[in-house]
Amino acid sequence: MIKSLALLSLAAQVAYSQSTTETIHGAVIFSRHGDRTWKGAPPTKLTTVGQNQLFNSGEYWRSRYLASGSQQQISGIDSNIYEPAQFSAAAPNQALLVTSGQAFLQGLYPPTTVSETLANGSSISPPLSGFQYAAISTIPDDSPETIWLKGDDSCPAYDYSVAQVSTSTQFTDLEKSTKAFYESFYDRIFAGVLSADKMSYKNAFTIYDYINVGMVHNTTIHDAISSSELTQLRTLADSHEFALSNGEARSVSGRTLSAKILNQLTSVIDSKGSKNKLTLYIGSYDTFLSFFSLSGLSSSNADFTGLPDYASAMSFELFSNSASFPAEKDLHVRFLFRNGTENGDAQAFPIFGGANTMAWTDFKAKMSDIALATVQDWCGFCGSSDGFCLQYADTGILTGQSNGKELKPAVAGAIGALVALNFVGIFVILGIFFGLRIVRKSAAQVVQEKQFDQAAL
Ligand SMILES: *[C@@H]1O[C@H](CO)[C@@H](O)[C@H](O)[C@H]1NC(C)=O
Ligand SMILES: *[C@@H]1O[C@H](CO)[C@@H](O)[C@H](O)[C@H]1NC(C)=O
Ligand SMILES: *[C@@H]1O[C@H](CO)[C@@H](O)[C@H](O)[C@H]1NC(C)=O
């Protein structure tokens, strides 16, 4: 009730703030993939339900940013024809994410039946009723570009920090208090799927995910689970995943995404609105959650500590109150979020503790504060030894300095601990070699288990 009243007043504010003669010059959309098969049984695939969700989302954003007649149509954008200078899309090179992007693009740029007249005078129609070949860049995980949409992957400082929070008292207390609850699902649902010792808060997301997928696709699960059980599983998974995305190093994927968004909107400004009018990125829920925590959304509105639904999208739109492209100081930014595809319109929300819209110059300053702006910064922040980081190895990144910027103590500490962790690793190897057994669980093992249950897609 309170929630819906708040939404109503928000909607009123949005309607009010958009009633002036506002011109949108560019927007960047970040979207989650749609309904999919269980992450625990790869290859994970976008389902028919998921295809429809992304298609719906593409149509929704089309109706806002492309459709002629829309009050928010981006200035000068072609409303029907895909034009690479105006629009681009990118996704990490993972089938689920790429397919999700493709389904979105089909909604965004539906077929256009433009026929062509040939030299001999005959007219020819395109295949598939004019399907448009809107391109989506796929980013391999060994490319330095991978950090912008997947900043947490292969980031040791992130892994270390996740391992720390996973052994915190907050987690171990919850593990104890929810043990019986999780175990109650074993015989009914998980026998033969997960081993019995996995039935705990440690695997909150994996367990929730299996059941959530099953609620849509598996009759046994659909009939066996009550809606209050599902809600409880979801709420626990929310708290678990939010904790893993909230914190200096744990929010790394939101930091790199922020840099990418800032760059893309800057390129709109540099071209005076003639290039990169609309951008689509596809990614995972953990990147949403880390951006929500970095931007203050989750501290001012608890809804933002929950997992975004499938095919959720957030958009950053650049606008002015003039028709022509203004000076930088007269540009504004609005943040919008659409939770899944069944909750109506996207809503504007205040980021960085401000109002529903903010001056571009403020936005730029606030985003720069949280962003990891260069690959070198990321390599230093993460303490990564990825191939593309090696070129920076002699610039002091492992001693806690990168690009002249002093790393914040928490991160530098994490890196120091990682060096120690590698040291433990060497001991484990030596131990195996000499027939010794190390009984205490190493932090590296905790990280590995974490990676199993985290399944951040
Ligand atoms: C015209 O040219 C196209 C492509 O070369 C060909 O397929 C078509 O049969 C031609 N039509 C006539 C009437 O010659
Ligand atoms: C449906 O879920 C049950 C319970 O986990 C499982 O035993 C069964 O194999 C699943 N069916 C399919 C078709 O995946
Ligand atoms: C999105 O919806 C889910 C429930 O489906 C909820 O848990 C979450 O808090 C919502 N997020 C926002 C920002 O409203």
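A short reminder: the numbers here are calculations on the coordinates, not readings from a lab. Quick caveat, the model's predicted, so the values are computed rather than measured. No Cβ is skipped: glycine too gets one built from the backbone with ideal geometry, and neighbour counts run over all protein chains shown.
Details
- Dipole magnitude (debye, nearest 20) for the stretch 212-287, charges at Cβ of Lys, Arg, Asp, Glu: 600 debye
- A simple rule links phi to the HN-Hα coupling: the Karplus curve 6.51 cos²θ - 1.76 cosθ + 1.60 with θ = phi - 60°, which for the stretch 361-377 gives 5, 5, 4, 4, 5, 5, 5, 4, 4, 8, 6, 9, 7, 10, 4, 4, 4 Hz, with x for Gly and Pro.
- In order along the stretch 150-157, phi translates into HN-Hα couplings of 9, x, 8, 6, 6, 10, x, 5 Hz, rounded to whole numbers, per the Karplus curve 6.51 cos²θ - 1.76 cosθ + 1.60 with θ = phi - 60° and x for Gly and Pro.
- The gain in end-to-end length when the Ser227 to Asn263 segment is fully stretched comes to 8.7 nm, 0.36 nm per residue minus the alpha carbon separation.
- Global form of the stretch 257-367, assessed from the alpha-carbon gyration tensor, a/c cut-off 1.5: prolate
- Three-way shape call for the stretch 31-149 based on the alpha-carbon gyration tensor, with the a/c threshold at 1.5: prolate
- Relative to the Cα centre, the charge distribution of the stretch 51-168, modelled as +1 at Lys and Arg Cβ and -1 at Asp and Glu Cβ, gives a dipole magnitude of about 400 debye.
- The stretch 113-174 versus the stretch 254-301: alpha-carbon centroid distance in Å: 14 Å
- Sorting the segments 309-319, 106-116, 334-344 by their mean number of nearby beta carbons within 10 angstrom, highest to lowest, gives 309-319, 334-344, 106-116.
- Positive-end extreme of charge dipole, the stretch 165-296 - chosen from Phe242, Thr287, Ala204 (charges on Cβ): Thr287
- For peptides 133-143, 377-387, sequence by mean Cβ density within 10 Å, most packed first: 377-387, 133-143
- Each label point was placed 7 Å from the Cα along the Cα-to-Cβ direction; for Thr37 and Thr172 their separation is 3.9 nm.
- As a length-normalised measure over Cα pairs under 8 Å and 6 or more apart, the relative contact order of the stretch 284-354 settles at 31 percent.
- Residues whose amide H lies under 5 Å from that of Arg36, counting only those 5 or more places away or on a different chain, are Thr47; hydrogens are built 1.01 Å from N in the peptide plane.
- One decimal place: the segment Thr112-Ser129 gains 5.4 nm when fully extended, by the rule 0.36 nm per residue minus the C-alpha distance.
- In order along the stretch 176-188, phi translates into HN-Hα couplings of 5, 6, 9, 4, 5, 4, 5, 5, 5, 8, 4, 4, 5 Hz, rounded to whole numbers, per the Karplus curve 6.51 cos²θ - 1.76 cosθ + 1.60 with θ = phi - 60° and x for Gly and Pro.
- Amide H contacts of Ser137 (H built 1.01 Å from N, under 5 Å, at least 5 apart or other chain): Ala89, Ala90, Ala91
- Taking the stretch 56-76 and a reference point 7 angstrom along Cα→Cβ of Asp345, the backbone N atoms nearer than 20 Å belong to 56-75.
- Here the dipole of the stretch 31-96 is about 320 debye; that uses its Cα centre as origin and unit charges on the Cβ of Lys and Arg (positive) and Asp and Glu (negative).
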